[in-house]
């Protein structure tokens with residue numbers, strides 16, 4: 001026995017019928033047996049179309065969000081961009097190629113807070129990252145207080161972990177664990193403002209690096 005399903009109300013009609021007995025809609029398309037695959041295929045296509053529509057809406061919202069972050073902030077000056085490039089060079093020269101690639105090619109750097117940063121608020125910082133939009137805001141302190149490109153590289157290394165979706169504990173741990181590789185060591189930079197700020201925050205977010213020595217408060221990475 002062949003039948004055809006009404007696309008409007010779902011009623012199964014005789015294959016020869018030209019209009020649905022229930023709603024009067026015109027019947028068409030390939031007739032199939034009861035329980036055939038025509039309805040299943042139609043349902044599958046409907047799910048795919050719905051998923052595509054949701055994905056498109058999400059991508060559109062993310063695009064608008066990203067544009068709004070750029071529209072409500074200011075870009076870096078040429079001199080500031082050159083400073084950032086030198087810091088990324090310092091990272092790459094020490095073997096942080098992956099981090100350097102992200103920082104050099106996937107980031108849009110800004111010099112002032114966007115609306116999101118202003119709304120969320122932040123404590124005194126050298127930089128802030130908006131994940132997953134890969135927008136990094138570099139504050140005046142980033143250019144003012146680091147004593148050289150290596151210290152700026154340490155700050156950017158921290159932000160690169162945020163750009164990969166890591167939180168503060170892993171970002172501070174990543175920098176502290178790799179500070180020797182970077183050449184950012186206490187014997188050279190121990191008295192700088194950046195060193196003191198980062199070491200204090202690392203003790204807070206990654207205290208496991210300071211549970212060594214007789215006092216159980218020494219820097220474990222120095223052993």
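Please treat every number below as a calculation from the coordinates, not as lab data. Please read all numbers here as calculations on a predicted model, not as lab measurements. When we count neighbours, we look across all protein chains shown, and the Cβ atoms used for this are built from the backbone with ideal geometry, even at glycine.
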- For the chain, the longest principal axis of the Cα atoms and the Cα long axis of helix 193-205 enclose an angle in degrees, to the nearest 10, of 50
- Quick one: helix 38-71 against the long Cα principal axis of the chain, what's the angle to the nearest 10°, folded into 0 to 90? 30
- Item | Pairwise label distance in nanometres, residue 85 with residue 177, each label 7 Å out on the Cα-Cβ vector | 3.3
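Counting each DSSP H run of 4 or more residues in the chain as -39500 (n - 2.57), what helix-only mean residue ellipticity at 222 nm follows after dividing by all residues, to the nearest 500 deg cm²/dmol? Present the calculation step by step, with values, prior to reporting the outcome.
On the way: 10 runs with 116 residues, N = 223.
For the chain, the value works out to -16000 deg cm²/dmol.
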- Please state the relative contact order of the chain as a whole percent: Cα pairs under 8 Å, 6+ residues apart? 12
- Message: To make sure I understand, if each residue's beta carbon is the centre and we count other beta carbons within 10 Å, what order do 110, 86, 152 fall in, fewest to most?
- Response: 86, 110, 152
- The extension gain from residue 19 to residue 119, computed as 0.36 nm times the residue separation minus the Cα-Cα distance, is 30.1 nm
- Message: Just to confirm the number: angle between the C-alpha axis of helix 149-163 and the first principal axis of the chain, 0 to 90 degrees, nearest 10?
- Response: 20
- Taking every eigenvalue of the Cα gyration tensor of the chain, multiplying by 5 and rooting it, what semi-axes result, largest first, whole Å? 60, 21, 15
- Comparing 120, 136, 175 in a Gaussian network model of the chain (Cα, 10 Å), the one with the largest mean-square fluctuation is 120
- Note on the structure: One finds the C-alpha centres of the stretch 47-88 and the stretch 156-212 to be spaced, in Å, by 27
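If the convex hull of the alpha-carbon atoms of the stretch 91-223 is projected onto planes in all directions, what is the mean projected area in square nanometres?
Average of the hull's projected areas for the stretch 91-223 equals 8.0 nm².
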